[in-house]
Amino acid sequence: MKILHIANFGFNKQGAHFYCTDRKISAGLIENGHFVYDFSFRDMARMGTIFKTKKLGANWANKEILKIVENLEPDLVLIGHSDLMSPLVLKEIKQCYPKTKIAFWYVDPLYLEQKLGFIHQFSPYLDAIFCTTGGEYLKKLKQPNLSVAYMPNVGHRNVEHLKQFDVDNIENDFIFCGVVYKEPEREKFLKDLTDTLSSNQIPHQFYGCFGQAGVYGKAYYKVLAQARMGLSYSRRNDVQLYSSDRIVQLTGNGLLTFSPRTPGFEKLYKENEIVYFDDQNYLAVKIKFYVENPDAAKKIAEAGWKKTKNSFNAQRITQFMLEVTFDLPLSEDYEWATEVYR
């Protein structure tokens, strides 16, 4: 097929976010045999005005999309985020090219419902919506004209390429990369954890919080390549199947990954593939145990790495997305198939 992929590819980041979802999705579609034309909406919007501001240039970018559709006549228009797109563009595509399918993917949490207005505006013209949140929040998006489905965070073998379970010489036993978000409960959890690790003399480093700068691009991968274990900890951890993409960045690079016991997440990763915890005290105990038992840590880390490579790779997830969008039977027993609403 010919696929127009409209997302926020971040050309203005100069590659610092090369591991983000949009490029992995395009890569997966290509691996499945399709032609993909990437359109970075925000970057093109900035080009549409001398002021280089995306809001002022959004109208120009919307017109460019219609020109591309006219030239390409894609079988599928796939949209990732792109909240500055006009729903009228989608309406015109549907009117002029009724055979063209339109699907939308979204990796921010659906519990931030105040940010979802543009999705509801898109909905009348969509054939499918894919989100990394499941459960009731996902079901709210269901409309008679479209399918909604959960999608796991996407990994790719050429992006998550490390095998930390095979590395002997590391600087930090444990890392966390993320921000506090000015949320007192989250800040206390992370502060108590780093204090406990310090008191137990466990080499660790937190990035993006407590005065330590965040790391991106090759600097982020340097941090991963110097660590044995990592924490995947989202702003909320009580939402069905939701996790930030940190989960695949850690497991996919072979770090022993610790995760809160998020509802439904054991559909994706079993107890022997990542380490689940219920509270900060239990987490600290588990970290200490795996520092002292490296063989046990390696076994789980390698199992988690294999799960991400085999189950959550871009080729498999995009195949699933196409099957749902084109209303085809699912070709595999996807672990998350119970979260598909057609």
>> Let me make sure I get this right: for segment 110-153, a, b and c are the square roots of the gyration tensor eigenvalues over alpha carbons, sorted descending. Under 1.5 in a/c it's rounded, otherwise prolate if a/b > b/c, else oblate. Which is it?
In response: oblate
> With charges only on Cβ, +1 for K and R and -1 for D and E, what is the dipole size of segment 266-342 about its Cα centre, in debye, rounded to 20?
Replying inline: 280
>> Here are labelled values, (1) 1.20; (2) 1.08; (3) 1.02, and one is the computed Cα Rg over 2.2 N^0.38 Å for what I pasted. Which one?
In response: (3)
> Once amide H atoms are placed 1.01 Å from N in the peptide plane, what residues at a sequence separation of 5 or more from Met151, or on another chain, have their amide H within under 5 Å of its amide H?
Replying inline: Cys131, Thr132, Thr133
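With +1 on each Lys and Arg Cβ and -1 on each Asp and Glu Cβ, and nothing else charged, work out how big the dipole of the chain is about its Cα centre, in Debye to the nearest 20.
Rounded to the nearest 20 debye, it is 840 debye.
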> What is the set of long-range amide H partners of Phe104 at a cut-off below 5 Å, with H atoms built 1.01 Å from backbone N?
Replying inline: Ile79, Ala128, Ile129, Phe130
> Per residue of the chain, what 222 nm ellipticity follows from adding -39500 (n - 2.57) for every DSSP H run with n ≥ 4, rounded to the nearest 500?
Replying inline: -11500 deg cm²/dmol
> Say the dipole of segment 234-301 comes from +1 at the beta carbon of Lys and Arg and -1 at that of Asp and Glu; which of Thr257, Phe289, Val275 then lies farthest toward its positive end?
Replying inline: Thr257
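For a Förster distance of 22 Å, can you work out the FRET efficiency between the beta-carbons of Lys218 and Ile30, rounded to the nearest 0.05?
My answer for the efficiency is 0.40.
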>> Pick from Ala149, Ala45, Ala227 the residue whose mean-square fluctuation is largest in a GNM of the chain, springs joining Cα atoms under 10 Å.
In response: Ala45
>> Given the options Asn200, Val148, Gly230, identify the residue whose Cα lies farthest towards the positive end of the charge dipole of segment 142-255 (+1 on Cβ of Lys, Arg; -1 on Cβ of Asp, Glu).
In response: Val148
> So, in nm, how far is label Glu187 from label Lys63 when the simple model puts each one 7 Å beyond its Cα toward the Cβ?
Replying inline: 4.7
>> Which residue, Ala337, Met44, Leu90, has the largest displacement toward the positive end of the dipole of the chain when charges sit on each Cβ (Lys, Arg +1; Asp, Glu -1)?
In response: Met44
> Of the chymotrypsin sites (Phe, Trp or Tyr not before Pro) in segment 121-197, which ones lie in a loop per DSSP and count no more than 16 other C-beta atoms within 10 Å?
Replying inline: Tyr181
> segment 130-156 to segment 164-191: how many Å between their Cα centroids?
Replying inline: 29
>> Would segment 169-291 count as rounded, prolate or oblate if I go by the C-alpha gyration tensor, calling it rounded below 1.5 in a/c and otherwise prolate when a/b exceeds b/c, oblate otherwise?
In response: rounded
>> Between Thr262, Thr308, Thr133, where does the largest GNM mean-square fluctuation fall for the chain, given springs only between Cα atoms within less than 10 Å?
In response: Thr262
> Given labels modelled 7 Å from the Cα in the Cβ direction, how far is it in nm from Ala16 to Asp279?
Replying inline: 3.9
> Residue by residue through segment 199-216, which ³J(HN,Hα) values in whole Hz follow from phi under the Karplus form 6.51 cos²θ - 1.76 cosθ + 1.60 (θ = phi - 60°), with glycine and proline marked x?
Replying inline: 5, 8, 6, 9, x, 8, 8, 10, 10, x, 8, 6, x, 9, 5, x, 10, 9
> Solvent-accessible area per residue for the chain at a 1.4 Å probe radius, Å²?
Replying inline: 45
> Between Phe289 and Gln114, what is the FRET efficiency for a Förster distance of 41 Å, r being their Cβ-Cβ separation, to the nearest 0.05?
Replying inline: 0.50
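Give, rounded to the nearest 20 debye, the magnitude of the charge dipole that segment 203-250 has about its Cα centre when Lys and Arg contribute +1 at Cβ and Asp and Glu contribute -1 at Cβ. It would help to have the intermediate numbers written out before the result.
On the way: 6 positive and 2 negative charges, 26 e Å.
It comes to approximately 120 debye.
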>> Explain nothing, just compute: Karplus ³J(HN,Hα) = 6.51 cos²θ - 1.76 cosθ + 1.60, θ = phi - 60°, for every residue of segment 168-184 in order, whole Hz, x for Gly and Pro.
In response: 8, 9, 10, 8, 10, 5, 9, 9, 9, 10, x, 10, 7, 6, 6, 10, x
>> If I histogram all Cα-Cα distances within segment 32-151 using bins 5 Å wide from 0, what percent of pairs lands in each bin?
In response: 2, 11, 20, 22, 19, 15, 8, 2, 0
> Looking at segment 235-306, which GluC sites (Glu not before Pro) are DSSP coil and have at most 13 other C-beta atoms within 10 Å of their C-beta?
Replying inline: Glu271
>> Just to confirm my numbers, what's the Cα centroid distance between segment 243-298 and segment 322-342 in Å?
In response: 28
> Which GluC sites (Glu not before Pro) in segment 136-186 pass both tests, a DSSP loop state and at most 14 other beta-carbon atoms within 10 Å?
Replying inline: Glu171
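The values are calculated or read from the model by the stated rules, or taken from the named source; none is laboratory data. Predicted, not measured: the structure shown is a model, and the values here were computed from it. Here the Cβ is made from the backbone with ideal geometry for all residues, glycine too, and neighbour counts use every protein chain on show. Surface accessibility is based on the protein's heavy atoms, side chains included, excluding ligands, DNA and RNA. Shrake-Rupley method; radii C 1.70, N 1.55, O 1.52, S 1.80 Å.
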